[in-house]
Amino acid sequence: MRQKMLLDGVWDFHYSSEEFIGIPESFTESLPVPSCYDLVEPYCGVRGCGVYRRFVECGGMARLCIEGLGITARIYWDRRIIKECPYTYMPEEIIFDAGDEGCHELVIAVDNRHNEQFRPNFDFYGYGGIYGSIFIERLPNPWIEQILVSTEDYTCGKIRIQASIAGKNDHEAVLIFDQKEAVNVCFEKGGLDIQLNVPNYRLWSPEEPNLHELTIKAANDQRSVVFGIRAFSTHGRQILLNGKPIKLFGYNRHESHPEMGAATPLQLIAADLRMIKAQGCNFIRGSHYPQRRSFLDLCDRMGIMVWEETMSWGTRAPELHSKEFIDAQIEQARKLTYASFNHPCIAIRGFMNENDSSLPETRKVVKTLYETIRSIDKHCLISFASNRYEQDVCTDLVDVVGMNPYPGWYDSSFDSISTVDKVFPRLQKLSAALPQDRPFLITEIGCEALLGFRDRLQARWTEEYQAKVLLEVCRYVFSGDECAGVAIWHFADCRSFVNGPGIYVRARGFNNKGVLDEYRHPKLAWNAITDFLQNLKQKQTHE
Ligand code: ADA
């Protein structure tokens, strides 16, 4: 039986200034893990390297898991590099030889300077730190390397299990479902790839988020994964879950809090999800990066469907032509698909938010990213969020057409508040121009409102104006079947450019389009949407 050791807690810390100048001999400061060092004095707002260190009792082959960090990091075990982590927010798993049994030094050197993948013009703040939990476990020899479970046929509970065991030898194995039903199988040359019906299966859905557990016992190892049986598919304009049309309704959400940055505690994540669920939503777009495992665990259990995507923002021609950039996107797509493979909450995987999909040459990149995800996950829906609208030339390449229109905010003439009236017709017009044979999902829509700014003239930036626009969006989404759903932009205000050029449209250094402010205080729009959804539910139960 493997034993996980959680490494969260108080670590040694050293701020190593702009350049990383090596691991210091001694550390004089301390910081918790998880944490963002650029939100604590005297390092608030710095761009440079923070070095975290602690000692760990371990030995032999080990597996170290990190939920996410940023912007980039290098990991050392006894001062030897065991992993470079170039992808912000990406969950990392490192299998390595920890050496003799005993006390070892683990160092994580984080660098929060922007780079090609996380540019300073992104409309979300690039925090430096260790965003989530870290654990380590000793591995038996040989160890089960990975277990992937996918739904093959939801109508009879048929799943496919792909697993591998280190050493590539033959091994007898036992599969145990929900700690009861056992099936004998065999790893051949270290691999297992079988399909079978789960005994006493129950489907996963937002209303009934049923989960199953699979334990594999082979050689001296035993490993368990949680999975759900469900199938997302499309039919014309509709998204189907387990064969039935489902409207996706919810928010874009950043992993962000003004005091804790991207190292949001699990309690905050759980509280956010409870608010979203209680409001009557069933969907979150994890904008704009891979999501933390514990976030996905909660969504699995609570029945919240998730769109997860590679990190990227406003990709334009130079990056779309850069091999380094595209290779990094491919690697991100690959890693995130494996990392979230078993989570039933994943409805859609996406990439490259608002890339320039009006350029014919972007088609090749979109195809490559689509195929990368598809080659690993045969079933998930795949998409990207576009701001090229009627000019988009890549909509035929994805399963769901995601659009980020902002009627009532960006694409109006700024002459009066009457533009609320334009929301509904604009969405209808956009919908009519998109392919009719696949779902149209509004992946972003919203407008800025400052909490507490209420005004009888209901000008832009007031809570009243935001509420009106978003009610029009709700009215449109539920007006028929032409739209498969919406992820409103966004759940809560989040820190953005701060002192970059974008500050002129980001009052306080925040993106203020949240229906809650950054401390989760509701604006009028939150209450208006709550009422809208409750009325809708009442109407539907009386029909
Ligand atoms: C884009 C982008 C979001 C956010 C939004 C806005 O659609 O995808 O990250 O920046 O615009 O608020 O303008």
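Taken together, the values in this text are just the output of simple stated rules run on the coordinates, not laboratory data. Note that this is a predicted model, so its numbers are computed, not measured. Here the Cβ is made from the backbone with ideal geometry for all residues, glycine too, and neighbour counts use every protein chain on show.
Of note:
- Unit charges at the beta carbon, dipole of the chain: most positive-side option, LEU7, ALA339, ALA218: ALA339
- Pairwise centroid distance, computed over Cα atoms, of segment 255-333 with segment 364-410, Å: 17
- Relative contact order for the chain: 12 percent, from Cα pairs under 8 Å spaced at least 6 residues apart, divided by residue count.
- Excluding same-chain neighbours fewer than eight residues apart, the aspartates and glutamates reachable from LYS468 by a Cα-Cα span under 19 Å are ASP411, ASP415, ASP421, GLU444, GLU448, ASP455, ASP493, ASP517, ASP531.
- Residue by residue, segment 530-537 carries 3J(HN,Hα) couplings of 4, 4, 4, 5, 5, 4, 4, 4 Hz when phi is fed to the Karplus relation 6.51 cos²θ - 1.76 cosθ + 1.60 (θ = phi - 60°); x denotes Gly or Pro.
- Sequence-separation-based contact order of segment 65-131, relative, with Cα cut under 8 Å and 6+ spacing, percent: 42
- Cα pair distances in segment 42-150, grouped into 10 Å bins until the bin that holds the longest one, percent each: 13, 42, 29, 14, 2
- Remark: MET61, MET403 ranked as MET61, MET403, counting other beta-carbon atoms within 10 Å and listing the fewest first.
- Antiparallel content of DSSP bridges confined to the chain, in %, to 5: 75
- Scaled radius of gyration (Cα, divided by 2.2 N^0.38 Å) that segment 367-491 gives: 1.18
- Placing +1 on the Cβ of every Lys and Arg and -1 on the Cβ of every Asp and Glu, with nothing else charged, gives the chain a dipole about its Cα centre of roughly 1140 debye.
- With Cα atoms as the point set, the radius of gyration and Dmax of segment 1-88 evaluate to 13.6, 44 Å.
- Near LEU248, the amide H atoms lying under 5 Å from its own belong to GLY485, VAL486; only residues 5 or more places off or on other chains count, and H is placed 1.01 Å from N.
- Contact order relative to length of segment 180-266, as percent, for alpha carbon pairs under 8 angstrom and 6 or more apart: 14
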